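Novice: Here it is, the structure, as structure tokens.
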Amino acid sequence: AQTVTQSQPEMSVQEAETVTLSCTYDTSESDYYLFWYKQPPSRQMILVIRQEAYKQQNATENRFSVNFQKAAKSFSLKISDSQLGDAAMYFCAYRSPIYNQGGKLIFGQGTELSVKP
Amino acid sequence: DTEVTQTPKHLVMGMTNKKSLKCEQHMGHRAMYWYKQKAKKPPELMFVYSYEKLSINESVPSRFSPECPNSSLLNLHLHALQPEDSALYLCASTLTESSYNEQFFGPGTRLTVL
């Protein structure tokens, strides 16, 4: 079974600095998808960034980028120029192809990021 | 409209009550999901509906009963719940069950069972 591990329950970053959140996963599949979701306090979960396993190029979305290391099964999220609004719980998620487990999202335990002014 | 709405925002119920949670989206999505989330924990999948048919039931107790009346609506009927069922219940939708499609989440219903 696939598992997702986020080894940092809490992280803190100074405003305008850069922070990296770690995520590792375990799978025997070669085709899958990886996501980072953000859940601010008392607000809804939104997608930050996604990566297809077959793509070697790391995904980027403005200040957010990933370091995808397929062989190491690692998928870290880098947030540059951190802003107060980045404070949230961040979940790493793995998704199998639809033919396996119906494409279920498997979440890591989350990393709570605080941003200091 | 890129929004998933959920009502009510908060719900307090006794163990003998019957209540329903409602989820709605108007993005033309054909897959809809119910998750249960405890504080500072990841969401746990409960049910998946695909094209208005139940696709996945994650061995959820029968006191939770999902219903998908049409492609825009998803309900979760609650009956004889236990205090440990208190949690945030999230609804999500996606274009189809295809793995690449982003899941859009609603704000959730915070349920307290007394």
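Novice: State to the nearest 20 debye the size of the charge dipole of the stretch A:65-117 about its Cα centre, where the only charges are +1 on K and R beta carbons and -1 on D and E beta carbons.
Specialist: The dipole magnitude comes to about 280 debye.
Novice: Another question, if that's okay. In the neighborhood of A:SER22, defined by Cβ-to-Cβ distances under 15 Å, what is the net charge if each Lys or Arg adds +1 and each Asp or Glu adds -1? Display every interim value, and only then the final one.
Specialist: Numbers: positive: A:LYS73, A:LYS78; negative: A:GLU10, A:ASP26, A:GLU112.
Here the count lands on -1.
Novice: Sum up the charges of everything whose Cβ sits under 11 Å from the Cβ of A:GLU52, counting Lys and Arg as +1 and Asp and Glu as -1, but leave A:GLU52 out.
Specialist: Around A:GLU52, the surrounding residues sum to +3.
Novice: Quick check: the distance between the Cα centres of the stretch B:46-85 and the stretch A:40-117, to the nearest angstrom?
Specialist: 27
Novice: How big is the Kirkwood radius of the protein assembly as shown, worked out from every pair of different alpha carbons and given in Å to one decimal? Intermediate results must be reported in sequence, preceding the final value.
Specialist: Working: mean 1/r = 0.0547 Å⁻¹.
Over the protein assembly as shown, the inverse of the mean reciprocal pair distance is 18.3 Å.
Novice: Can you tell me which lysines have their Cα less than 21 Å from the Cα of B:LYS53? Leave out same-chain residues fewer than eight positions away.
Specialist: Result set, ordered by chain and number: A:LYS104, B:LYS22, B:LYS36.
Novice: Which longest run of chain A has no exposed loop site in it, a site being GluC sites (Glu not before Pro) in a DSSP loop with at most 14 other beta carbons within 10 Å, and the site itself not part of the run?
Specialist: A:30-117
Novice: Between A:ASP81 and A:ALA1, what length in nm is gained on full extension when 0.36 nm per residue of separation is reduced by their alpha carbon distance?
Specialist: 25.2 nm
Novice: Something else: Considering every Cα-Cα pair within the stretch B:10-69, what fraction, in whole percent, is farther apart than 18 Å?
Specialist: Of the Cα pairs, 44 percent sit more than 18 Å apart.
Novice: If you don't mind, there's one more thing I want to ask. Suppose R0 equals 22 Å; then what is the FRET efficiency for B:THR112 and B:GLU58 from their Cβ-Cβ distance, rounded to the nearest 0.05?
Specialist: Once the sixth-power term is evaluated, E becomes 0.45.
Novice: Put +1 on the Cβ of each Lys and Arg and -1 on the Cβ of each Asp and Glu in chain B; which of B:CYS68, B:HIS79, B:PHE104 then has its Cα farthest toward the positive end of the dipole?
Specialist: B:HIS79
Novice: Among A:GLN57, A:GLN83, A:TYR33, pick out the residue whose Cα is farthest towards the positive end of the charge dipole of the stretch A:33-83, where Lys and Arg carry +1 and Asp and Glu carry -1 on C-beta, about the Cα centre.
Specialist: The listed residue farthest towards the positive side: A:TYR33.
Novice: At a 10 angstrom cut-off on C-beta neighbours, averaged per residue, how do the peptides B:6-18, B:102-114 rank from highest to lowest?
Specialist: Top to bottom by mean Cβ count within 10 Å: B:102-114, B:6-18.
Novice: What is the magnitude of the charge dipole of chain A about its Cα centre, with +1 placed on the Cβ of each Lys and Arg, -1 on the Cβ of each Asp and Glu, and no other charges, expressed in debye to the nearest 20?
Specialist: Details: 11 positive and 11 negative charges, 44 e Å.
I would put it at about 220 debye.
Novice: Hey, could you pull the Cα Rg and Dmax for the stretch A:1-105, both in Å?
Specialist: Taking only Cα atoms of the stretch A:1-105, I get Rg and Dmax of 13.8, 43 Å.
Novice: Next question. Take every DSSP beta bridge with both residues inside chain A and express the antiparallel ones as a percent of the total, to the nearest 5.
Specialist: Within chain A, antiparallel bridges account for around 85 percent of the total.
Novice: If you plug each phi of the stretch B:4-21 into the Karplus form 6.51 cos²θ - 1.76 cosθ + 1.60 with θ = phi - 60°, what whole-Hz ³J(HN,Hα) values come out, in order, with x for Gly and Pro?
Specialist: 10, 10, 9, 9, x, 6, 10, 8, 10, 9, x, 5, 9, 6, 10, 9, 9, 9
Novice: Shifting gears a bit: Work through the residues other than B:SER71 whose Cβ is under 10 Å from its Cβ and net out their charges, Lys, Arg +1 and Asp, Glu -1.
Specialist: Net charge around B:SER71: 0.
Novice: Quick one: which residues, 5+ away or cross-chain, put their amide H under 5 Å from the amide H of A:LEU113? H built at 1.01 Å from N.
Specialist: HN-HN under 5 Å from A:LEU113: A:MET11, A:ALA88, A:MET89, A:TYR90.
Novice: Also, I was wondering about something else. In terms of modelled amide H atoms, which long-range or inter-chain residues lie less than 5 Å from the amide H of B:MET15?
Specialist: Amide H neighbours of B:MET15: B:LEU114.
Novice: If one computes P(r) from the Cα atoms of the stretch B:5-110, what percent of pairs lie at distances over 25 Å?
Specialist: Tail of P(r) above 25 Å: 14 percent of Cα pairs.
Each reported figure results from applying straightforward, stated rules to the coordinates on display, with no laboratory input. None of the values given here were measured: they were computed from a predicted structure. All Cβ positions, glycine included, derive from the backbone under ideal geometry; neighbour counts span all protein chains shown.
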